Amino acid sequence: MPKPLPSGLEVRQARADDVPSLATLLSLAPDDGSIYRFPHILEYPDEMREMHAGWLRPGVHDPTTLIRIAVVPGDGKDRVVGFTSWTRLEADPQDPSKTRPAKLAAKVAPAEEPETEEDTSNFAPPPPRALVPNVAHAEAIKRARKQAPPSPIKTTACYELGGLAIHPDYQGHGIGSLLARWGVDKAAGERVPVFVSGETQGVDFYEKALGFQRLRATEYWLDEKGQDISREEVQHGNEAWKKVNGGLSGAQMVWLPEGYVLEVDGEVYKG
């Protein structure tokens, strides 16, 4: 059972002045794919924070990307403890067989960012190890994704969940389910699917907590050296892909409304 939601929790669209706190959250809760590619990522949160702030600043103003956050009040300012990023794909009027991003986010007014919580002006720049990938791991993920069939989001009206992160201090409270359920409820009302791509921990969460299904043709398993593990090996007990063994698994996943049928690479999925 999840712990109670934090007192005063609010879920809303991100604003420009949320960027520093949101960047801090993302630096503290990287996804498994990032950890696999960048083994030193957790050692340099300041470097990660700047990287995330770089794409968040324009992202909060993009009307086709809705960044929804969970915040808790404290010391006169909100603390961001949860993050999701949503896109709505609609049929392209110029070519109905394809999709295009639709307007989803409300207009966000420009705002001056507050100072970061921590003064790092006297700190020496960290060694650039955090952004230097493990080449074998990076190439392995790229190879695995390239082998997958074309994503259904290119031809199917849908919602796409582009990311989910919960602050380590607030995990287990049901915030992730609360944030992700927003898009699932929207999709259910519109009778369209929800797609998301994830790795080990994310895949497990989407599957067990929200009823997503793995698209079989997109699944991959990698060992600590970046070598592929076949589906047959997994079925016969090879566990080198597990995170505790230094490996990684991943897949694109889909949630389908009741009665919806989707075919991907010869496999049929039903809501």
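Okay, residues lined up against (1) basic (Lys, Arg); (2) at pLDDT 95 or above; (3) more than 27 Å from Pro30 (Cβ to Cβ):
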residue: Trp182; (1), (2), (3): no, yes, no
residue: Gly202; (1), (2), (3): no, no, no
residue: Ser230; (1), (2), (3): no, yes, yes
residue: Glu233; (1), (2), (3): no, yes, yes
residue: Gly247; (1), (2), (3): no, yes, no
residue: Gln252; (1), (2), (3): no, yes, no
residue: Trp255; (1), (2), (3): no, yes, no
residue: Gly259; (1), (2), (3): no, yes, yes
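What is the number of the single condition among (1) farther than 25 Å from Arg181 by Cβ; (2) of a type in the set (A, V, I, L, M, F, W, C); (3) part of a strand (DSSP E or B) that Val81 does not meet?
(1)
Yes or no, residue by residue, for (1) aromatic (Phe, Trp, Tyr); (2) without any contact (Cβ under 8 Å) to a residue 24 or more places away in the chain; (3) in contact with a Lys or Arg (Cβ under 9 Å, 6 or more places away or on another chain):
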{"site": "Gln201", "(1), (2), (3)": "no, no, yes"}
{"site": "Asp204", "(1), (2), (3)": "no, yes, no"}
{"site": "Gly211", "(1), (2), (3)": "no, no, no"}
{"site": "Ala217", "(1), (2), (3)": "no, no, no"}
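Report those helices (runs of 4 or more DSSP H) wholly inside the stretch 158-252 carrying at least 3 residues which are surrounded by 15 or more Cβ atoms within 10 Å (Cβ to Cβ) and in contact with a Pro (Cβ under 9 Å, 6 or more places away or on another chain).
Those helices (runs of 4 or more DSSP H) span 175-190.
Closer than 16 Å to Phe83 by Cα and touching a residue at least 60 places away in the same chain (Cβ under 8 Å): does that describe Arg49?
yes
Checking the structure you have, find out if any residue of the stretch 55-77 is among the charged types (D, E, K, R), buried (at least 19 other Cβ atoms within 10 Å of the Cβ) and at pLDDT below 90.
Looking for residues that are among the charged types (D, E, K, R), buried (at least 19 other Cβ atoms within 10 Å of the Cβ) and at pLDDT below 90, one finds none in the stretch 55-77, hence no.
If you go through the stretch 146-175 one residue at a time, how many are over 18 Å from the mean Cα position of the chain (by Cα) and under 19 Å from Pro96 (Cβ atoms)?
Total satisfying the criteria: 5.
For the subset of the stretch 1-30 comprising residues that are in a loop (DSSP other than H, G, I, E, B) and of a type in the set (Gly, Ala, Ser), which member is nearest to Ile166 (Cα to Cα)?
Ala29
Which of the residues that make up the stretch 78-102 are hydroxyl-bearing (Ser, Thr, Tyr) and at pLDDT below 95?
Of the residues in the stretch 78-102, the ones hydroxyl-bearing (Ser, Thr, Tyr) are 84-85, 87, 97, 99.
Within the stretch 78-102, Ser97 is the sole residue that qualifies.
Pro96 fails exactly one of the following numbered conditions: (1) under 27 Å from Asp185 (Cα atoms); (2) in contact (Cβ under 8 Å) with a residue 12 or more places away in the chain. What is the number of that condition?
For Pro96, the exception is condition (2).
Leu42 - would you say it is at pLDDT 90 or above and surrounded by 13 or more Cβ atoms within 10 Å (Cβ to Cβ)? Spell out how you get there, then give the answer.
Working: at pLDDT 90 or above: no; surrounded by 13 or more Cβ atoms within 10 Å (Cβ to Cβ): yes.
Considered against the rule, which asks whether it is at pLDDT 90 or above and surrounded by 13 or more Cβ atoms within 10 Å (Cβ to Cβ), Leu42 comes out as no.
Among residues belonging to the stretch 141-157 that are of a type in the set (Gly, Ala, Ser) and part of a loop (DSSP other than H, G, I, E, B), point out the one that is farthest from Leu42 (Cα to Cα).
Of all residues in the stretch 141-157, those of a type in the set (Gly, Ala, Ser) come to 144, 148, 151, 157.
Those still in the list that are part of a loop (DSSP other than H, G, I, E, B) too: 148, 151, 157.
Values: Ala148: 29, Ser151: 31, Ala157: 37 Å.
Of everything passing the filter in the stretch 141-157, Ala157 is farthest from Leu42 (Cα to Cα).
The values are calculated or read from the model by the stated rules, or taken from the named source; none is laboratory data. The structure displayed is predicted, hence computed values, not measured ones. Cβ: placed from backbone, ideal geometry, glycine included. Neighbour counts: every protein chain shown.
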